[in-house]
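Accompanying notes for the structure given below.
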Amino acid sequence: MNRSQFDPSLKKSRVLNAGTMLGLALPLGFGALCFAFLMAPSRVSIPLAARSRVPAEAIANRPRRVALADPPHIAVDGVDQNCNACHQIFASASPAHTALEFHNTVVLAHGMNDRCVNCHDPTDRERLVLRDESTIPFAETPRLCSQCHGTVYRDWQRGTHGKTLGSWITSSPQQRRLGCNECHDPHAPKYTPYVPLPSPHTLRMGEQGGVHEIDAAKVSPLQRHLQEARRLSAASRKKAAHQQSEGVHP
Amino acid sequence: MKDVRIWDGPSAATDEAQTASNPTRRSFLRIGAAAVGGMAALAAALSPLRELDPEDLPDVEEFLQKHYKEMTAVEMEAALARIRANVADRFGVEPTIRDPKPLDGVEFVYALNLSRCIGCRKCVHACVAENNQSRSPEIQYIRVIEMPRGTLDVEKGDHHYDRPQVPDTAHFYMPVQCHQCANPPCVKVCPVEATWQEPDGITVIDYDWCIGCRYCEAACPYWARRFNFAQPSLPADELNPDMSYLSNRPRERGVMEKCHFCLHRTREGRMPACLEACPTGARKFGNVLDSKSEVSEILKTKRVFVLKEEVGTLPRFFYYFDERYPNTIDPEALVIAEQLREEEGDAFGAMDVGAAGRLVIARASGMSTEETCA
């Protein structure tokens, strides 16, 4: 209820009552806002990060490495030769001999499997040799690897290890599961490190650098809070321990 | 008691009666100020229109186009023709745009081997090249999170890692993209039904129907949805002309987008682009309704988990591990092999690998050499 109804002395000052003030202030406020909006730059400038280019080569769709054909052949002094072209003329060094005079670009880093004839057939260099001394063509490399890497071979057969290209349809003729040596170098099967492609730089994602474990406290309010709590509890524990030690040895 | 007025007192009624016939100075000021203020507010509210780019306005056909599910085949053909002309006009390339339908008896599932992922980000950039995302500002569907080994705490994860080489031995890598949930929260919150789940499990977006409210982005627990804040920029020479209506056709400013399992490829039997670029074979894709498919084998035989299972989204994107991780040689075996090499000399070297292996295992388990060979 308005007080002016009962207090005649207030009637004269009605021009200043709250309603009138509001009625004047609101339009004035709107006017000021309008002015500010109209004076603002017409285009909001969105700062854009420079884009990172990725060479098409880096994301090409192909097996990680090119496996030797079957039967294998390599270029010797620029001439394409089958393996047996040389190996049937020249005798190989003893199986225990590891220092290579030829093929010396081969880096052998296959764990304890460090003898050529563990895998290569000593008599026919265009075939591979199994442990029972039977030989297989290069195209059947997974059988050779399976002798030691049984669980991986089982996974590969199921399709849970390795890479499949072409089609996801199991009955499709385009579907092709890559062999062991199309990803792994048989002489050094461990993957070498990669240089990662550029990290994202999306404005929405904030500054580059992300939340590292070390400066998590700077970025995350929760981490800051937890750190503060930990510090306080450590301080109070220390204080309690101090008091206790004073109590024991006055 | 008379009527209660909040701001004018009991004489307001007479005041108004006066105003109609003979306005006082006060009522004139009040009405005048209100009118000016109202106009000013209207002008202020409309001022963002000055920033409207004529390119942002849809043409009449696009404006009148129906929702994807309501379009007849003829109307879809007209829409595709319009998009084809737009793309040719904007990029100078004639695209092969089509609208592949879901296949019968197919439900797509993705599986990712965390033991194999090395964090090289090839999938991220293959996806960008395939799906015509904006290059600057950058839009990427896949986020590779680097996390400390022994944790699975995405809060401690970092997707901005910039190392000279990966993988880092103290971390593991977890790529996250749209999980194509069977119970998708993003679909539920869309106020205009611009996003929905297809029968083959892919959640799609009708870019012409999206109003850009970003509710879906907020609803997604996997940070999978991306918004075009600015007009997407895409150099004409990087445009992928192999496109479809629901997947990788060029988007406009103010619409949402996300991973769609490369449906223009996968609905035609091909593999997703991220899988083809992966150098380690960590990514597996297939039909979960086919018991012989790779993803079915993984679900049957591997240790599988889904991200944020507790939120109940039922993802179609599974993570799994191999039995042994990291895949390294037991260092003890190497020491024993070295000892044997010294003791046996060339005889050890001439052994085949199986015999040498048996010897190492025997030595490690405390048996004598004679016992093994016997």
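The values are calculated or read from the model by the stated rules, or taken from the named source; none is laboratory data. Note that the structure is a prediction, hence the values are computed from the model and not measured. Quick reminder, even Gly has a Cβ in these numbers, built from the backbone with ideal geometry, and neighbours come from all protein chains shown.
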Residue, surrounded by the fewest Cβ atoms within 10 Å (Cβ to Cβ), within segment B:149-161, restricted to residues that are within 20 Å of B:T280 (Cα to Cα) and within 7 Å of another protein chain (Cβ to nearest Cβ): B:Y161
Any hit, segment B:188-198, residues being of a type in the set (S, T, Y) and within 14 Å of chain A (Cβ to nearest Cβ): no
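Residue-wise test of (1) aliphatic (A, V, I, L, M); (2) assigned to a helix (DSSP H, G or I); (3) assigned by TED's automatic domain parsing to the domain that holds B:L239.
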| position | (1), (2), (3) |
| --- | --- |
| B:V36 | yes, yes, no |
| B:M39 | yes, yes, no |
| B:L46 | yes, yes, no |
| B:K69 | no, yes, no |
| B:R84 | no, yes, no |
| B:E94 | no, no, no |
Where B:G312 falls short, out of the listed (1) surrounded by 14 or more Cβ atoms within 10 Å (Cβ to Cβ); (2) among the small types (G, A, S); (3) over 20 Å from B:C117 (Cβ atoms): (1)
Cβ pairs under 6 Å, 6+ apart, first in segment B:128-141 and without any contact (Cβ under 8 Å) to a residue 40 or more places away in the chain, second among the hydroxyl-bearing types (S, T, Y): B:E138/A:T202
Subset of segment A:107-138 (residues that are touching a residue at least 24 places away in the same chain (Cβ under 8 Å), under 17 Å from B:A355 (Cβ atoms) and within 37 Å of the chain's Cα centre (by Cα)): A:H110, A:N113, A:C116, A:C119
Test for B:M1: is it at pLDDT 60 or above and either outside any helix (DSSP H, G or I) or more than 7 Å from chain A (Cβ to nearest Cβ) (or both): no
Condition broken by B:G281, with the remaining ones in (1) within 11 Å of chain A (Cβ to nearest Cβ); (2) in contact with a helix residue (DSSP H, G or I) (Cβ under 8 Å, 6 or more places away or on another chain) satisfied: (2)
Pairs, first away from chain A (no Cβ under 11 Å) and exposed (fewer than 11 other Cβ atoms within 10 Å of the Cβ) in segment B:40-62, second basic (K, R) and not in a loop (DSSP other than H, G, I, E, B), C-beta under 8 Å, six or more apart: B:D59/B:R82
Every residue from segment B:268-297 that is touching a residue at least 60 places away in the same chain (Cβ under 8 Å) and over 16 Å from B:R316 (Cβ atoms): B:E268, B:A273, B:E276, B:A277, B:C278, B:P279, B:T280, B:G281, B:A282
Yes/no for B:L275 being in the same structural domain as B:Y207 (by TED's automatic domain parsing), surrounded by fewer than 21 Cβ atoms within 10 Å (Cβ to Cβ) and farther than 20 Å from B:Q197 by Cα: no
